[in-house]
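Since the structure comes first, as structure tokens, the remarks are kept for the end.
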Amino acid sequence: MNFELDDVQTLVRDTARRFAQEEVAPLAAEMDKTATFRMELVKQMGELGFMGVAIPEQYGGGGMDYRCYSIVVEELSAVCASTGVVVSAHSSLCCDPIYRFGTEEQKKKYLVPLASGRMLGCLGLTEPQAGTDAGAVRTTAVLDGNEWVLNGTKIFITNGGQAGVAVVIASTDRSAKHRGLSAFIVPADAPGYKVAKEEHKLGIRASSTAELVFEDCRIPKENLLGQPGEGFKIAMQTLDGGRIGIASQAVGIARGAMEQAIAYAKERQQFGQPIANFQAIQWKLADMATEIDAARLLTWRAAWMKDQGFKNYSREAAMAKLFASDVAMKATREAVQVFGGYGYIDEYPVERYYRDAKITEIYEGTSEVQRMVISRALLRD
Amino acid sequence: MKIMVPVRRVPNPDVKVRLKKDGTGIETEGVNFLVNPFDEYAIEEAVRITEKSGGEVFLVSIGGPENEETLRAGLALGAHRAYLVDLGGECYESSGIADILAAVFKQENPDLVIMGKQSVDTDNNQAAQMLAAKLGLAQACFAYKVELQDGKAVVQREIDGGLEVKEVELPAVITADLRLNQPRYASLPAIMKAKKKEVKKVTPADLGAEPKNRARVLGLSEPPPRKAGQKVASVDELVDKLVNEAKVL
Ligand SMILES: Cc1cc2nc3c(=O)[nH]c(=O)nc-3n(C[C@H](O)[C@H](O)[C@H](O)COP(=O)(O)OP(=O)(O)OC[C@H]3O[C@@H](n4cnc5c(N)ncnc54)[C@H](O)[C@@H]3O)c2cc1C
């Protein structure tokens, strides 16, 4: 793995950084307050290739590697974590499984509009009774002639409110438990597809988190993704890639908070001098920078493994997400501390970063789950 | 229409530059370099012209091998090909740069040259004018609107207190001001395509150019640090300070 960015990766970073700063940053506070995402950003990002960074151009994507994907999510998250997860959930959890497990027809029909940003995507895995225990999914899919009929409820679905298409994990054979799960491509305009409610959240407030209800929801037979019974495997492999996206989001949140803290520390005067002169502040910044670099390197390693075609990088993706989410929590907490009372009020953005950081320890597998994945790999043989 | 756009590699203008200890230049280690922002307006304008009515845009960057990165960034904005003129460690001020650009011009015979109005690092604002003079071409600097019509360019320029509309015969040298257009972001597919576009590496000698420096930089120094401001309690105190301390009244 190369520590330096090559010419292409540098250009991707410069473009993403500029776009984030010029187009996203001015909207971030407002989107957070009103808890609404500005959908025109999806269109703009689609035109730039950000809605399918690692999807080949022939399917509407940016044709880059996973490292570039990580860079784009980091840059967006450094100014707005909601925008970061809109892109990450869409790309990792919806585009990626269709790209990897879909038929050519499915890719043409669904991946092209998704990866080019004409349509937003989501993944429906979690249910009221199936959180960490994803194998306990109760939504059912029954074949009726030429159609699958879905019944059940999915909760906490990122992009659920605006998605044009959902990858849904449902049971096609209840007796086989997690081996009886299958994956489906469900268009939002399918009869019986309903967005039942939007959650109100602590952080990433601009990103939609919705409940999806399927009531005799009918989709064509050919919308089965992969083989029957492959749903759990598809979900787990999808989450491996997704964790690289969330780790990148966490690195972005931490870096954004650190940059705010550095600028403020140089400006804020107490005892007749900038607070950056105090060692207590300097050491906070030094710790943040060190941990952020370490988190980014773990994230890039996992991305590199995915790019190299490693079959299994679950452990490395879990390490990246576990560590980066922890770093995001620490860095944002300390950034608020550097700002003192000003960090606690919404006139400055660091309180938003602090609220946004927490989710990175929960979704796409809690930190406990990441530790389970890592320790399982350690104790396997 | 064939359009030539020179592009300069400059330190990221949002980052504070530091001088080398010996004052001979700026510290480049760890500094992020970008395409000179004014040159992006020039590229955008040139690319829009060719998108509308065909032709090609070629870039020219003068410096060292690292300028390839700058050129790729410009190619990702839609230019078709590029020249990299490697100075082999030499350094030229505006007149020498204009000598080299004139040599490229003579090889390519473009219909139009569009440049940024100035480079944001040295702020010289003279290479374009010198190039026009050396080639005996018409020039229209600080363009905020460019319209082409049979062999001519009608250029609107912002001048103090108003607008000037100028008609120049092609080929001509035009420089781009801020309000000329809104440069696009390089899309990821465009970045990929840029990787495969031709960057022709040449030296001034290959071009038959004999650039000469007629001015020499003797030294650089940082501006004196700004002193902290003061708060005054009344208008009287302000006037008093302006008269007696600042001695500006
Ligand atoms: C904002 C947001 C967005 C989300 N987006 C999506 C999405 O797009 N798609 C989707 O499908 N889901 C999504 N989720 C769901 C998310 O992935 C789950 O919330 C998460 O996996 C945890 O499941 P749970 O909430 O049911 O918690 P539970 O599984 O009930 O866990 C509760 C606690 O118990 C711990 N725990 C559980 N089992 C074990 C065990 N075996 N050993 C040790 N500890 C254990 C957990 O770590 C946690 O601390 C989202 C959630 C949120 C809040």
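The values are calculated or read from the model by the stated rules, or taken from the named source; none is laboratory data. Since the structure is predicted, the reported quantities are computational estimates derived from the model, not experimental observations. Cβ placement follows ideal geometry from the backbone for every residue including glycine, while neighbour counts extend to all protein chains displayed. Side chains are part of the model used for accessible areas, which takes the heavy atoms of the whole protein and leaves out ligands, DNA and RNA. Shrake-Rupley method; radii C 1.70, N 1.55, O 1.52, S 1.80 Å.
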note = Ranked output for segments A:232-240, B:118-126, A:75-83 by mean other Cβ atoms within 10 Å, highest leading, reads A:75-83, A:232-240, B:118-126
request  = With everything on Cα atoms, drop me the angle between helix A:231-267 and the longest principal axis of chain A, reported from 0 to 90° to the nearest 10.
outcome  = 20 degrees
task = Averaging over all projection directions, find the projected area of the Cα convex hull of the stretch A:6-56 and quote it in nm² with one decimal place.
result = 4.0 nm²
ask   = Per 5 Å bin, what percent of the C-alpha pairs of the stretch A:7-115 does each bin hold, from zero upward?
value = 2, 13, 24, 24, 17, 11, 6, 2, 0
request  = Give me the accessible area per residue for the stretch A:121-229, probe 1.4 Å, as a whole number in Å².
outcome  = 43 Å²
note = Within the set B:L207, B:L131, B:L75, GNM on chain B using Cα springs under 10 Å gives the largest fluctuation to B:L207
message = Place a point 7 Å from Cα of B:D206 in the direction of its Cβ. Which residues in the stretch B:72-101 have their backbone N less than 11 Å from it?
response = B:83-87
key: Centre separation in Å (Cα based) which lies between the stretch B:150-221 and the stretch A:1-34   = 27 Å
query = Within 10 Å of each Cβ of B:178-189, how many other protein chain Cβ atoms are there on average?
reply = 5
request  = Enumerate the whole-percent occupancy of each 5 Å bin, from 0 to the last occupied one, for all C-alpha pair distances of the stretch B:120-238.
outcome  = 2, 7, 10, 11, 12, 13, 15, 10, 6, 4, 3, 2, 2, 0
query = Hey, what did the stretch A:121-229 get for relative contact order, percent, Cα under 8 Å, at least 6 apart?
reply = 31 percent
ask   = If you take the beta carbon distance between B:V199 and B:K106 as r and set R0 to 22 Å, what does 1/(1 + (r/R0)^6) give as a FRET efficiency, to the nearest 0.05?
value = 0.65
message = Could you tell me the relative contact order of chain A? Use alpha-carbon pairs under 8 Å, at least six residues apart, and round to a whole percent.
response = 16 percent
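Please state, to two decimals, what the Cα-based radius of gyration of the protein assembly as shown comes to when divided by 2.2 N^0.38 Å (N = residues).
On the way: Rg = 28.3 Å, N = 630, 2.2 N^0.38 = 25.5 Å.
The value comes to 1.11.
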request  = Could you tell me the total accessible area buried at the B-A interface, probe 1.4 Å, in square angstrom to the nearest hundred?
outcome  = 1600 Å²
note = Toy charge model, Lys and Arg Cβ at +1, Asp and Glu Cβ at -1: chain A dipole around Cα centroid in debye, rounded to 20, equals 660 debye
Sum of -39500 (n - 2.57) over DSSP H runs of 4+, divided by residues of chain B (222 nm, nearest 500) = -8500 deg cm²/dmol
query = Given Cα pairs under 8 Å that are at least 6 residues apart, what percent is the relative contact order of chain B?
reply = 24 percent
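May I ask you to compute the full-extension gain from A:Q227 to A:A289, defined as 0.36 nm times their residue separation minus their alpha-carbon distance, rounded to one decimal in nm?
Gain on stretching A:Q227 to A:A289: 17.8 nm.
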query = Over all residues in A:41-52, what is the mean tally of Cβ atoms on other chains that come within 10 Å of each residue's Cβ?
reply = 2
key: Under 26 Å from B:K195, Cα to Cα: lysines that are on another chain or at least 8 residues apart   = A:K43, A:K306, B:K2, B:K52
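Suppose every K and R has +1 on its Cβ and every D and E has -1 on its Cβ; what is the size of the dipole of chain B about the Cα centre, in Debye to the nearest 20?
420 debye
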inquiry  = Given the options B:A103, B:P65, B:N124, identify the residue whose Cα lies farthest towards the positive end of the charge dipole of the stretch B:2-224 (+1 on Cβ of Lys, Arg; -1 on Cβ of Asp, Glu).
reply    = B:P65
task = Using the structure shown, select from A:K266/B:K227; B:K145/B:K166; A:K177/A:K311 the pairs with a Cα to Cα distance greater than 18 angstrom.
result = A:K177/A:K311
ask   = Using the scaling law 2.2 N^0.38 Å as the reference, what is the normalised Cα Rg of the stretch B:4-107?
value = 1.14
task = Check cross-link reach from B:K200 to the aspartates and glutamates: straight Cα distance under 15 Å, and skip same-chain residues fewer than eight apart.
result = B:E66, B:E68, B:E69, B:D86, B:E108
message = Of the candidates B:A233, B:A172, B:A140, which one comes out as most mobile in a Gaussian network treatment of chain B with C-alpha springs shorter than 10 Å?
response = B:A233
query = Which length gain, in nm to one decimal place, applies between A:Q337 and A:T132 when the Cα-Cα distance is subtracted from 0.36 nm times their residue separation?
reply = 70.5 nm
task = For chain B, go through all pairs of different Cα atoms, get the mean of 1/r, take its inverse, and jot down that Kirkwood value in Å.
result = 19.8 Å
task = Quantify, in whole percent, the carbon and sulfur part of the accessible surface of the stretch A:36-195 (1.4 Å probe; protein heavy atoms only).
result = 49 percent
message = Need the C-alpha centroid separation for the stretch A:146-178 versus the stretch A:314-381, integer Å.
response = 28 Å
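Let a ≥ b ≥ c be the square roots of the eigenvalues of the Cα gyration tensor of the stretch A:232-379; is it rounded (a/c under 1.5), or, if not, prolate (a/b larger than b/c) or oblate?
Working: a/c = 3.00, a/b = 2.40, b/c = 1.25.
Judged from the Cα gyration tensor, the stretch A:232-379 comes out prolate (a/c at least 1.5, a/b above b/c).
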key: Global geometry of the stretch A:53-161, whether rounded, prolate or oblate, following the gyration tensor of its Cα atoms and the 1.5 cut on a/c   = oblate
query = What is the local net charge at A:F214, summed over the other residues whose Cβ is closer than 10 Å to its Cβ (Lys, Arg +1; Asp, Glu -1)?
reply = +1
message = Calculate the FRET efficiency for B:E167 and B:A215 from the Cβ-Cβ distance with a Förster distance of 41 Å, rounded to the nearest 0.05.
response = 0.80
inquiry  = From the alpha carbon gyration tensor of the stretch A:105-196, can you work out the equivalent ellipsoid semi-axes (sqrt of 5 times each eigenvalue) and give them in Å, largest to smallest?
reply    = 22, 16, 12
query = Which FRET efficiency value, to the nearest 0.05, do you get for B:L148 and B:D121 by plugging their Cβ-Cβ distance into 1/(1 + (r/R0)^6) with R0 = 35 Å?
reply = 0.70
key: Averaged over B:68-78, number of beta-carbon atoms from partner chains that fall within 10 Å   = 2
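Averaged per residue, what accessible surface does the stretch A:232-379 expose to a 1.4 Å probe, in Å²?
46 Å²
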query = Using the alpha-carbon atoms, what tilt in degrees (0 to 90, nearest 10) does helix A:367-379 show relative to the longest principal axis of chain A?
reply = 80 degrees
message = Quick check on chain A: helices-only [θ] at 222 nm, where DSSP H runs of length 4 and up contribute -39,500 (n - 2.57) each and the sum goes over total residues. Nearest 500, please.
response = -15500 deg cm²/dmol
key: Positive-end residue, the protein assembly as shown charge dipole about Cα centroid, Cβ charges, pick of A:M1, A:V373, A:A280   = A:V373
query = Where only protein heavy atoms count, and the probe is 1.4 Å, what is the accessible area per residue for the stretch B:2-224 in Å²?
reply = 49 Å²
